[in-house]
Amino acid sequence: MTSLLSDPAVMTYYPAAKTRDQASQWIAWNEANYAELGYGLWIVETHDGQFLGDCGLTWQGVNGRMELEVGYHLLVSAQGQGYATEAAAAAKDFARHELNVQLLVAIIHPDNAASRRVAEKIGMRHIEDDRSGATATREVLGIQLDVR
């Protein structure tokens with residue numbers, strides 16, 4: 001996780017790449033999500049076990065309310081090969097079928113075209129802008145999930 005989260009190319013649209021300690025805190029946050037909610041970010045890997053990144057579901061603040069977000073980070077060497085789309089689609093299905101969530105969002109920096117393409121490939125569309133963070137405005141893409 002440190003190699004992923006400390007890579008400036010992977011973290012281009014974050015305020016900064018993470019240090020080893022910050023990556024450890026990221027892992028602890030994810031473990032706490034699993035302990036409390038039973039889900040969080042998954043490790044994304046190839047069938048032979050090669051680490052590619054992470055993807056999953058976390059609750060995030062959007063304009064003063066909490067929304068379930070699908071998020072993903074992939075090593076630069078794994079980007080553009082469909083892994084993020086496949087993983088995000090699996091997270092969307094989990095949110096729909098296991099959690100019965102009505103709305104799933106992705107919070108994306110406006111300049112992050114690759115991440116936007118992943119969100120759009122799983123059916124998301126721009127629904128609003130998030131102005132609640134300390135950083136620049138982020139786009140919120142969302143999809144209504146039919147949980148019948």
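Throughout, read-outs are computed from the coordinates displayed, never taken from laboratory work. Worth saying up front: this structure is predicted, and the values here are computed from it rather than measured. When we count neighbours, we look across all protein chains shown, and the Cβ atoms used for this are built from the backbone with ideal geometry, even at glycine.
No other residue among Glu36, Glu31, Glu69, Glu45 is out of contact with any Ser or Thr (no Cβ under 6 Å at 6 or more places or on another chain), within 25 Å of Leu145 (Cβ to Cβ) and not aromatic (Phe, Trp, Tyr) apart from Glu36. Within the stretch 18-40, the set of residues being more than 11 Å from His73 (Cβ to Cβ) and part of a loop (DSSP other than H, G, I, E, B) comprises Thr19, Gly38, Tyr39, Gly40. The residue that is nearest to the chain's Cα centre (by Cα), among those in the stretch 38-48 that are exposed (fewer than 13 other Cβ atoms within 10 Å of the Cβ) and farther than 16 Å from Leu4 by Cα, is Gly38. For the stretch 51-67, the candidate set comprises residues that are crowded, with 19+ Cβ neighbours inside 10 Å and among the hydrophobic types (A, V, I, L, M, F, W, C); within that set, the residue that is farthest from Ala95 (Cα to Cα) is Leu52.
Where residues in the stretch 60-97 are free of Cβ contacts under 8 Å to residues at least 24 places away in the same chain and part of a loop (DSSP other than H, G, I, E, B), which of them is nearest to Gly142 (Cα to Cα)? Applying the filter and picking the extreme gives Gly82. Examine the stretch 41-57 for a residue that is in a helix (DSSP H, G or I) and either closer than 24 Å to Asp130 by Cα or touching a residue at least 24 places away in the same chain (Cβ under 8 Å) (or both), and state whether such a residue exists. No; the residues of the stretch 41-57 include none that is in a helix (DSSP H, G or I) and either closer than 24 Å to Asp130 by Cα or touching a residue at least 24 places away in the same chain (Cβ under 8 Å) (or both).
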